[in-house]
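Written below as C-alpha coordinates is the structure these notes are about.
The values are calculated or read from the model by the stated rules, or taken from the named source; none is laboratory data. Every value quoted in this text rests on a predicted model; they were computed, and no experiment measured them. Please note: Cβ atoms are built from the backbone with ideal geometry, for glycine as well, and neighbour counts cover all protein chains shown. In case anyone asks, the SASA skips ligands and DNA or RNA and just uses the protein heavy atoms, side chains included. Shrake-Rupley method; radii C 1.70, N 1.55, O 1.52, S 1.80 Å.
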Amino acid sequence: MTTEPSVFERIIAREIPADIVFENDRVIAIKDIAPQAPVHLLVIPKTAEYANAGELAAADPQLLAEIVGIANRLAGEHANGQFRLVFNTGADAGQTVFHVHAHVLAGGTLEEGSLGRL
Ligand code: 5GP
(Lines give C-alpha, C1' and ligand atoms only; values in the text may rest on other atoms or scores of the structure.)
Protein backbone atom coordinates (compact mmCIF):
# COMPACT_ATOMS: atom_id res chain seq x y z
CA MET A 1 0.00 0.00 0.00
CA THR A 2 1.32 3.42 -0.85
CA THR A 3 0.28 6.42 1.14
CA GLU A 4 0.53 10.09 0.34
CA PRO A 5 3.64 11.71 1.83
CA SER A 6 2.87 13.52 5.06
CA VAL A 7 3.22 17.27 5.32
CA PHE A 8 6.47 16.68 7.22
CA GLU A 9 7.93 14.53 4.43
CA ARG A 10 7.09 17.32 2.01
CA ILE A 11 8.81 19.88 4.26
CA ILE A 12 11.88 17.63 4.60
CA ALA A 13 11.94 17.29 0.77
CA ARG A 14 11.63 21.10 0.46
CA GLU A 15 8.38 20.69 -1.49
CA ILE A 16 6.67 23.08 0.88
CA PRO A 17 8.34 25.83 2.87
CA ALA A 18 8.86 25.87 6.61
CA ASP A 19 10.78 27.90 9.12
CA ILE A 20 13.57 25.43 9.86
CA VAL A 21 15.36 25.98 13.18
CA PHE A 22 17.55 22.85 13.24
CA GLU A 23 18.55 20.09 10.86
CA ASN A 24 20.98 17.20 10.82
CA ASP A 25 21.06 13.92 8.90
CA ARG A 26 18.34 12.28 11.05
CA VAL A 27 16.20 15.09 12.47
CA ILE A 28 14.61 18.38 11.41
CA ALA A 29 12.98 20.99 13.65
CA ILE A 30 10.58 23.66 12.45
CA LYS A 31 8.32 26.35 13.84
CA ASP A 32 4.72 25.17 14.09
CA ILE A 33 2.51 26.92 11.54
CA ALA A 34 -0.26 27.42 14.16
CA PRO A 35 1.63 28.11 17.40
CA GLN A 36 -0.10 27.17 20.66
CA ALA A 37 2.54 28.85 22.84
CA PRO A 38 4.94 31.81 22.51
CA VAL A 39 7.54 29.29 21.30
CA HIS A 40 6.12 26.24 19.52
CA LEU A 41 8.57 24.04 17.67
CA LEU A 42 8.21 20.59 16.14
CA VAL A 43 11.12 18.14 16.33
CA ILE A 44 10.70 15.53 13.63
CA PRO A 45 12.77 12.48 12.66
CA LYS A 46 13.40 12.45 8.93
CA THR A 47 12.31 8.86 8.60
CA ALA A 48 8.59 8.43 7.96
CA GLU A 49 8.66 4.86 9.31
CA TYR A 50 7.15 5.63 12.72
CA ALA A 51 3.67 7.04 13.26
CA ASN A 52 4.06 7.83 16.94
CA ALA A 53 6.41 7.95 19.91
CA GLY A 54 5.60 4.42 21.05
CA GLU A 55 6.59 2.94 17.70
CA LEU A 56 9.76 5.02 17.66
CA ALA A 57 10.67 4.07 21.23
CA ALA A 58 10.30 0.37 20.43
CA ALA A 59 12.27 0.51 17.19
CA ASP A 60 14.92 3.17 17.70
CA PRO A 61 15.24 4.47 21.27
CA GLN A 62 18.46 6.28 20.37
CA LEU A 63 16.61 8.40 17.81
CA LEU A 64 13.91 9.16 20.39
CA ALA A 65 16.62 10.24 22.83
CA GLU A 66 18.16 12.42 20.14
CA ILE A 67 14.79 14.13 19.60
CA VAL A 68 14.49 14.84 23.34
CA GLY A 69 18.02 16.21 23.43
CA ILE A 70 17.40 18.49 20.45
CA ALA A 71 14.14 19.68 22.03
CA ASN A 72 16.03 20.54 25.21
CA ARG A 73 18.70 22.43 23.29
CA LEU A 74 16.18 24.37 21.18
CA ALA A 75 14.20 25.36 24.28
CA GLY A 76 17.39 26.91 25.59
CA GLU A 77 18.02 28.75 22.34
CA HIS A 78 14.45 29.98 21.76
CA ALA A 79 13.26 30.39 25.37
CA ASN A 80 14.66 30.04 28.88
CA GLY A 81 15.21 26.30 28.66
CA GLN A 82 11.94 25.33 30.38
CA PHE A 83 9.41 23.64 28.17
CA ARG A 84 6.63 21.09 27.70
CA LEU A 85 7.33 18.17 25.41
CA VAL A 86 4.17 16.70 23.86
CA PHE A 87 3.78 13.66 21.64
CA ASN A 88 0.16 13.41 20.58
CA THR A 89 -0.58 9.75 19.93
CA GLY A 90 -3.75 8.89 18.03
CA ALA A 91 -6.53 11.01 16.61
CA ASP A 92 -8.43 10.98 19.91
CA ALA A 93 -5.43 12.69 21.51
CA GLY A 94 -5.31 15.34 18.80
CA GLN A 95 -2.74 13.79 16.49
CA THR A 96 -3.27 14.99 12.92
CA VAL A 97 0.05 14.09 11.28
CA PHE A 98 0.93 10.42 11.60
CA HIS A 99 4.67 10.90 11.28
CA VAL A 100 6.06 11.03 14.81
CA HIS A 101 6.96 14.51 16.05
CA ALA A 102 7.56 16.23 19.37
CA HIS A 103 5.90 19.54 20.17
CA VAL A 104 8.20 21.85 22.15
CA LEU A 105 6.10 24.47 23.96
CA ALA A 106 7.94 27.24 25.76
CA GLY A 107 8.14 30.94 26.42
CA GLY A 108 5.32 31.08 28.95
CA THR A 109 4.06 29.43 32.11
CA LEU A 110 1.41 26.82 32.84
CA GLU A 111 -0.10 29.18 35.43
CA GLU A 112 -0.91 31.84 32.86
CA GLY A 113 -2.18 29.12 30.53
CA SER A 114 0.11 29.90 27.64
CA LEU A 115 1.54 26.37 27.61
CA GLY A 116 -1.69 24.60 28.43
CA ARG A 117 -3.67 24.38 25.25
CA LEU A 118 -2.25 21.29 23.58
P1 5GP B 1 -0.34 16.87 15.74
O2 5GP B 1 -1.72 17.48 15.73
O3 5GP B 1 -0.23 15.74 14.73
O4 5GP B 1 0.18 16.51 17.09
O5 5GP B 1 0.63 18.03 15.26
C6 5GP B 1 0.75 18.44 13.94
C7 5GP B 1 1.24 19.86 13.99
O8 5GP B 1 1.73 20.19 12.70
C9 5GP B 1 0.15 20.88 14.31
O10 5GP B 1 0.52 21.60 15.50
C11 5GP B 1 0.09 21.78 13.09
O12 5GP B 1 -0.11 23.15 13.40
C13 5GP B 1 1.44 21.54 12.44
N14 5GP B 1 1.43 21.70 11.00
C15 5GP B 1 0.54 21.17 10.12
N16 5GP B 1 0.84 21.53 8.86
C17 5GP B 1 1.96 22.29 8.95
C18 5GP B 1 2.78 22.95 7.96
O19 5GP B 1 2.54 22.92 6.75
N20 5GP B 1 3.86 23.63 8.43
C21 5GP B 1 4.18 23.69 9.76
N22 5GP B 1 5.26 24.40 10.09
N23 5GP B 1 3.45 23.08 10.70
C24 5GP B 1 2.35 22.40 10.31
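So for the pair Ala59, Ala13, with labels modelled 7 Å out along Cα→Cβ, what separation do we get in nm?
1.8
Could you pull out the trypsin sites (Lys or Arg not before Pro) across region 1-81 that fall in loop regions by DSSP (anything but H, G, I, E, B) with no more than 11 other Cβ atoms inside 10 Å?
Here the sparse-neighbourhood loop sites are Arg14.
Name the residue from Asn52, Ser114, Phe87 whose Cα lies farthest towards the positive end of the charge dipole of the chain, charges +1 on Cβ of Lys and Arg and -1 on Cβ of Asp and Glu.
The listed residue farthest towards the positive side: Ser114.
Give the carbon-plus-sulfur fraction of the accessible surface of the chain in %, rounded to a whole number; probe 1.4 Å, heavy atoms of protein chains only.
The C+S portion of the solvent-accessible surface of the chain is 51 percent.
With +1 assigned to the C-beta of every Lys and Arg and -1 to the C-beta of every Asp and Glu, and no other charges, what is the dipole magnitude of the chain about the Cα centre in debye, to the nearest 20?
The calculation lands at about 160 debye.
How big is D, in µm² s⁻¹, for the chain by Stokes-Einstein at 25 °C and 0.890 mPa s if Rh is the Kirkwood radius over C-alpha pairs?
Once the numbers are plugged in, D ends up at 169 µm²/s.
Write down the accessible area per residue of the chain in Å², having rolled a 1.4 Å probe over the full set of protein chains.
Per residue, the chain has 55 Å² of solvent-accessible surface.
May I ask you to evaluate 6.51 cos²θ - 1.76 cosθ + 1.60, the Karplus curve with θ = phi - 60°, for each residue of region 98-115 and list the ³J(HN,Hα) values in order in whole Hz, giving x for glycine and proline?
Ordered by residue, 3J(HN,Hα) equals 9, 9, 3, 7, 9, 8, 10, 10, 7, x, x, 10, 5, 4, 7, x, 6, 10 Hz.
First select every other residue whose beta carbon is under 14 angstrom from the beta carbon of Ala59; then total the charges, Lys and Arg +1, Asp and Glu -1.
-3
Roughly how tilted is helix 61-78, in degrees to the nearest 10 and between 0 and 90, from the longest Cα axis of the chain?
Between helix and principal axis, roughly 40 degrees.
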